[in-house]
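Read the structure below first, then the notes.
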Amino acid sequence: MAHQSDLIATDIEAYLKAHETKSLLRFLTCGSVDDGKSTLIGRLLYDSKMIFEDQLAALESDSRRVGTQGGEIDFALLVDGLAAEREQGITIDVAYRFFSTDRRKFIVADTPGHEQYTRNMVTGASTADAAVILIDARRGVLTQTRRHAYLVHLLGIRHVMLAVNKMDLVDWSQAVFDDITAEFTSFAGKIGLPAFTAIPMSALRGDNVAERGSAPDWHEGPTLLSWLEAAPVGDDAVARPFRMPVQWVNRPNLDFRGFSGLVAAGSVRPGDPLRVSPSGRESRVRQVFVGTEDVPEALAGQSVTLTLEGEIDISRGDVLAASDAPVSVADQFEATVVWMDEAPMLPGRPYLLKLGTRTVAASITEPKHRVNVNTLEHLAAKRLDLNEIGVCNISTEMPVAFEPYAESRDLGGFILIDRMSNRTVGAGMIHFALRRSQNVHWQALDVDRAARATLKGHRGRVIWFTGLSGSGKSTIANMVEKKLHAMGRHTYLLDGDNVRHGLNRDLGFTDEDRVENIRRVAEVAKLMADAGLIVLVSFISPFRAERALARSLMPEGDFVEVFVDTPLAVAEARDVKGLYAKARAGELKNFTGIDSPYEAPETPEIRIDTTALSPEAAAEHVTAWMEGELDYTI
Amino acid sequence: MTATGHQASLTHLQRLEAEAIHILREVAAEADKPVMLYSVGKDSAVMLHLAVKAFWPSRPPFPLLHVDTTWKFRAMYEMRERMARELGFDLIVHRNPDALEKGINPFDHGSALHTDIWKTEGLKQALDLHGFDAAFGGARRDEEKSRAKERIFSFRSAQHRWDPKNQRPELWRIYNTRKNPGESIRVFPISNWTELDVWQYIHLENIPIVPLYFSDVRPVVDRDGTLIMVDDDRMPLRPGETPMMKSVRFRTLGCYPLTGAVESTAATLPDIIQEMLLTTTSERQGRMIDHDQAASMEKKKQEGYF
């Protein structure tokens with residue numbers, strides 16, 4: 001792996017000394033399938049001598065066997081990693097490549113150009129300091145080019161290179177290059193991309209990659225590699241006010257209490273006054289540790305442990321910030337959301353949001369608009385599907401410390417996690433907090449849940465019946481209520497059909513509307529239970545996520561899930577309301593069990609097999625279970 | 001890696017160190033029962049060093065796990081005991097009891113079976129036995145093609161299988177560590193380091209490594225073009241074969257019968273780095289398990305080999 005420096009052979013100690021001070025640049029390459037992206041990366045690795053002889057031998061034999069360059073070295077093969085990909089001739093996902101020159105180490109995020117594109121490119125761009133957008137000189141600025149530029153800008157990359165590739169195939173025509181540059185300049189202005197550098201290039205021949213090669217004199221700018229060596233790293237994070245999300249509380253013994261984390265911005269020294277968010281408490285830095293060393297200063301990008309003056313309560317997820325420039329705290333935001341999962345984003349559904357080191361429950365409103373990434377048009381949308389981007393309001397279960405993404409990737413970028421599958425389903429970038437969240441505060445009331453329960457003689461709780469249409473939910477719930485009422489319990493039955501006549505009359509039966517339907521009912525049930533009522537809820541409630549939401553609103557033990565388990569065939573055969581017949585005939589869309597899914601509970605408190613129990617016996621079972629299991633004392 | 005004097009931005013090794021420490025802490029904060037896999041090699045040496053730094057003055061909140069094959073170099077066993085003792089780690093050594101009973105070895109059973117039973121099966125057994133839900137490994141993306149596409153947090157099914165097509169996107173510095181029942185995570189804090197970075201860091205931080213990395217006169221035999229060190233008397237010599245004393249060193253360490261030595265006089269870290277920078281073959285070439293078949297690492301990973 002011959003780095004070119006002669007120092008290696010003559011004075012290795014001097015070489016090592018020089019290389020200790022190298023910086024690190026992370027960049028992203030974007031291009032469509034045939035723009036020569038893999039060739040470019042292969043060429044960079046090759047020209048910076050990062051390819052060993054054994055790898056080169058393998059590359060030569062692969063090039064002869066499966067290459068696309070007529071037996072000549074096919075650099076693209078260097079970067080197509082997995083056997084699965086080679087067999088299918090595709091590239092999956094994001095790959096990271098490494099090379100270095102005498103001045104810098106580079107990490108390249110290589111994202112493939114076909115389906116899943118937005119997701120992969122956003123992932124690769126999220127950690128990049130710079131981006132290289134490739135264009136095929138023969139084809140000019142394409143829809144994809146506009147998409148790449150938009151995503152690069154969306155993710156906040158400030159250093160952009162437009163690499164007009166395959167110039168050898170247009171005879172290095174200056175007119176072609178100038179036209180492409182002019183067209184891109186006009187588009188860049190439209191999306192607010194501040195500045196970029198353009199170069200004419202041939203990745204295959206290596207012209208203007210590391211060396212000028214046969215690139216003509218009319219272009220005086222840098223080569224790609226010299227541009228990469230000069231691009232600023234890590235923007236201006238060090239110059240901004242200090243911020244550090246607390247990752248881990250370091251407490252080896254009673255005498256030491258440290259707060260560990262990665263400095264997101266600014267610098268920190270002993271004596272600096274800090275404010276803790278969201279609590280708002282203040283303190284001063286006592287010591288700064290980097291590893292095992294007590295140091296006079298630490299900078300943005302370093303992992304540190306801080307000790308503070310006085311005993312203050314700080315835990316993982318809190319943010320330490322300079323006290324004269326504290327971070328904002330809010331529980332409602334406007335953000336751009338990029339959806340990354342096969343299952344669509346449904347407004348109202350509870351997701352987990354991870355921002356910095358804080359994870360909170362969050363829900364998303366209906367998108368204000370969706371962005372067509374090819375045309376940049378704003379479109380109306382009810383939900384976001386895989387690879388779609390939209391602007392939405394997000395509300396979190398508790399206030400979080402944040403900064404706008406434009407100011408901080410670390411405190412303004414978040415991921416969304418599905419609570420059931422645990423997959424990372426989306427990513428978001430905060431624009432600003434919504435004013436209403438900062439002004440509406442929870443009103444503390446004197447007559448509380450316990451006081452109302454004392455008056456009623458029992459605690460309020462929610463008994464949630466779920467099951468297919470026609471499973472017998474409402475019949476059983478109705479009987480249970482009669483029995484409880486006869487025993488002197490204060491009850492209320494919320495029935496799906498009835499609520500849809502009033503509170504939820506504006507909702508239909510799409511997945512989005514079903515989620516909202518359940519969210520409203522869960523909130524109403526919570527209020528009623530808070531008022532001291534035993535609330536029986538009889539709703540199909542087909543999705544686990546929303547039932548989990550309803551459960552999460554109630555204190556532990558005060559939510560009882562009753563699964564009225566009736567096989568589809570049995571419910572359909574009963575078809576009390578004639579709905580299954582209509583659904584089968586196609587007159588009723590989105591009918592649970594027919595063309596809309598029902599996700600059965602995995603661990604309900606009570607499961608009723610209606611093929612074995614009559615409704616009366618089922619009601620008796622539920623009532624007896626409740627009287628036996630539930631602690632009615634206050 | 002402290003900043004020297006007043007510097008405005010970090011060096012590449014400072015950035016890599018900060019990232020690795022951030023990852024180690026994230027797992028310590030979010031996993032139920034983490035463990036650090038310890039192979040005794042140079043990457044493992046760096047990992048131990050980083051773990052000490054990440055949690056100091058606390059002890060790292062996880063034990064070390066060495067999945068032993070009984071066929072490592074003797075010098076590796078000595079190093080293992082020394083490091084666990086000096087750095088104050090709890091050390092768990094797992095030897096697959098089935099392999100022990102059957103006497104699985106590379107000479108009679110071949111490298112593929114040996115590796116599969118001792119390492120792949122042994123690792124799965126140890127993780128299941130102790131119920132570890134997150135295991136740190138020292139793999140780097142520059143080592144091998146299939147690793148270039150692997151996440152830093154790499155999820156494994158209850159059967160320990162890796163599904164390259166079903167990986168979670170990793171954005172910014174935010175890692176989704178939530179697991180489904182039965183799943184576990186392999187975490188690679190030095191994913192973004194190259195071999196050169198590892199050596200430079202060892203040099204700068206003065207990290208102890210197994211002496212086998214430095215050249216010395218050692219007894220070796222030439223097996224089909226690979227120099228194998230005769231580390232103990234379990235190694236069956238072929239008719240007429242006598243060990244030669246040669247000045248050799250190792251670029252990677254594993255089971256001694258499967259690890260090729262290179263002739264070298266590099267006796268210091270700068271010598272080693274110099275040799276590496278001037279050399280023309282990649283480090284994995286000394287590892288016989290990668291040559292068993294094309295794309296073999298990808299296949300092994302899917303089966304649960306780290």
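Quick notes on this one:
- Test: B:Glu101 is without any contact (Cβ under 8 Å) to a residue 40 or more places away in the chain and under 19 Å from the mean Cα position of the chain (by Cα): no
- Top-ranked residue in segment B:50-72 [being out of contact with any Lys or Arg (no Cβ under 9 Å at 6 or more places or on another chain) and surrounded by 22 or more Cβ atoms within 10 Å (Cβ to Cβ); ranked as nearest to B:Asp98 (Cα to Cα)]: B:Leu65
- Close pairs from segment A:446-474: first under 17 Å from A:Ala529 (Cβ atoms) and open to solvent by less than 60 Å² (accessible area, probe 1.4 Å), partner assigned to a helix (DSSP H, G or I) and polar (S, T, N, Q), Cβ under 9 Å, at least 6 apart: A:Phe465/A:Ser474
- Residue match in segment B:5-20 (condition: open to solvent by less than 10 Å² (accessible area, probe 1.4 Å), within 14 Å of the chain's Cα centre (by Cα) and under 24 Å from B:Glu143 (Cβ atoms)): no
- Restricting attention to segment A:228-263 and to residues that are in a helix (DSSP H, G or I) and within 10 Å of another protein chain (Cβ to nearest Cβ), the residue that is farthest from B:Leu10 (Cα to Cα) turns out to be A:Ala239.
- Of the criteria (1) open to solvent by less than 40 Å² (accessible area, probe 1.4 Å); (2) more than 12 Å from chain A (Cβ to nearest Cβ); (3) within 25 Å of B:Ala51 (Cβ to Cβ), which one B:Phe214 fails: (1)
Residue by residue, here is whether (1) part of a strand (DSSP E or B); (2) closer than 30 Å to B:Ser9 by Cβ; (3) more than 14 Å from chain B (Cβ to nearest Cβ) holds:
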{"site": "A:Gly280", "(1), (2), (3)": "no, no, yes"}
{"site": "A:Val288", "(1), (2), (3)": "yes, yes, no"}
{"site": "A:Asp294", "(1), (2), (3)": "yes, yes, no"}
{"site": "A:Gly301", "(1), (2), (3)": "no, yes, no"}
{"site": "A:Thr307", "(1), (2), (3)": "yes, yes, no"}
{"site": "A:Gly310", "(1), (2), (3)": "no, no, yes"}
{"site": "A:Arg316", "(1), (2), (3)": "no, yes, no"}
{"site": "A:Glu334", "(1), (2), (3)": "yes, no, yes"}
{"site": "A:Val337", "(1), (2), (3)": "yes, no, no"}
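- Qualifying residues in segment A:128-154 (those that are touching a residue at least 40 places away in the same chain (Cβ under 8 Å), in a loop (DSSP other than H, G, I, E, B) and more than 14 Å from B:Trp172 (Cβ to Cβ)) - the one farthest from the other protein chains (Cβ to nearest Cβ): A:Gly140
- Qualifying positions in segment A:19-40 - out of contact with any Leu (no Cβ under 6 Å at 6 or more places or on another chain), away from every other protein chain (no Cβ under 11 Å) and in a helix (DSSP H, G or I): A:Ser38, A:Leu40
- Selection within segment B:104-144: residues that are free of Cβ contacts under 8 Å to residues at least 60 places away in the same chain, part of a loop (DSSP other than H, G, I, E, B) and not aliphatic (A, V, I, L, M). The member of this set that is surrounded by the most Cβ atoms within 10 Å (Cβ to Cβ) is B:Arg141.
- Identity of the residue in segment B:267-294, within 11 Å of chain A (Cβ to nearest Cβ), at pLDDT 75 or above and surrounded by fewer than 19 Cβ atoms within 10 Å (Cβ to Cβ), that ends up nearest to B:Arg74 (Cα to Cα): B:Thr268
- The lone exception for B:Thr177 - which of (1) in contact with a helix residue (DSSP H, G or I) (Cβ under 9 Å, 6 or more places away or on another chain); (2) touching a residue at least 40 places away in the same chain (Cβ under 8 Å); (3) under 30 Å from B:Asn105 (Cα atoms) it fails: (3)
- Matching residues in segment B:170-195 - criterion: being in contact with a strand residue (DSSP E or B) (Cβ under 8 Å, 6 or more places away or on another chain) and either more than 7 Å from every other protein chain (Cβ to nearest Cβ) or at positive phi (or both): B:Trp172, B:Tyr175, B:Thr177, B:Glu183, B:Ser184, B:Ile185, B:Arg186, B:Val187, B:Phe188, B:Pro189, B:Ser191
- Residues of segment A:586-599 that turn out to be of a type outside the set (Phe, Trp, Tyr) and either modelled with pLDDT of 90 or more or assigned to a strand (DSSP E or B) (or both), as a count: 3
- The residues on offer are A:Arg251, A:Arg284, A:Arg257, A:Arg243, and the sole one that is free of Cβ contacts under 8 Å to residues at least 24 places away in the same chain and of a type in the set (D, E, K, R) is A:Arg251.
- Residue under evaluation A:Arg607, criteria (1) open to solvent by less than 60 Å² (accessible area, probe 1.4 Å); (2) within 29 Å of A:Asp418 (Cα to Cα); (3) in contact with a strand residue (DSSP E or B) (Cβ under 7 Å, 6 or more places away or on another chain), criterion not met: (1)
- A:Asp324 meets each of the listed conditions (1) more than 10 Å from every other protein chain (Cβ to nearest Cβ); (2) part of a strand (DSSP E or B) apart from (2).
- When every residue of segment A:575-582 is checked against the conditions, none turns out to be without any contact (Cβ under 8 Å) to a residue 40 or more places away in the chain, open to solvent by 60 Å² or more (accessible area, probe 1.4 Å) and closer than 23 Å to A:Thr623 by Cβ.
Okay, residues lined up against (1) hydroxyl-bearing (Ser, Thr, Tyr); (2) within 30 Å of A:Gly271 (Cβ to Cβ):
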{"site": "A:Phe289", "(1), (2)": "no, yes"}
{"site": "A:Ala300", "(1), (2)": "no, yes"}
{"site": "A:Thr305", "(1), (2)": "yes, yes"}
{"site": "A:Asp331", "(1), (2)": "no, no"}
{"site": "A:Pro344", "(1), (2)": "no, no"}
{"site": "A:Tyr351", "(1), (2)": "yes, no"}
{"site": "A:Lys368", "(1), (2)": "no, no"}
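- From B:Met79, B:Met83, residue being crowded, with 16+ Cβ neighbours inside 10 Å, among the aliphatic types (A, V, I, L, M) and closer than 23 Å to B:Ile228 by Cα: B:Met79
- Tally, over segment B:145-174, of residues that are touching a residue at least 40 places away in the same chain (Cβ under 8 Å) and over 22 Å from A:Gln247 (Cα atoms): 11
- Scan of segment A:535-567 for residues that are outside any strand (DSSP E or B), over 31 Å from the mean Cα position of the chain (by Cα) and over 24 Å from A:Thr611 (Cβ atoms), ordered by number: A:Gly557, A:Asp558
- Of B:Arg15, B:Arg25, all but one fail to be within 20 Å of A:Val268 (Cβ to Cβ) and at pLDDT 95 or above; the exception is B:Arg25.
- Exactly one residue out of A:Leu493, A:Leu507 is modelled with pLDDT of 85 or more, over 26 Å from A:Asp595 (Cβ atoms) and open to solvent by 20 Å² or more (accessible area, probe 1.4 Å), and it is A:Leu493.
- Residue list for segment B:145-169, restricted to those being within 8 Å of chain A (Cβ to nearest Cβ) and open to solvent by 40 Å² or more (accessible area, probe 1.4 Å): B:Lys145, B:Lys165
- Residues in segment A:75-127 that are in a helix (DSSP H, G or I), modelled with pLDDT of 60 or more and of a type in the set (Gly, Ala, Ser): A:Ala76, A:Gly124, A:Ala125, A:Ser126.
The values are calculated or read from the model by the stated rules, or taken from the named source; none is laboratory data. Because the structure is predicted, anything quoted here is derived from the model rather than measured. In this analysis, Cβ positions are derived from the backbone assuming ideal geometry, glycine residues included, and neighbour counts consider all displayed protein chains. These accessible areas exclude ligands, DNA and RNA; they are computed on the full protein's heavy atoms, side chains included. Shrake-Rupley method; radii C 1.70, N 1.55, O 1.52, S 1.80 Å.
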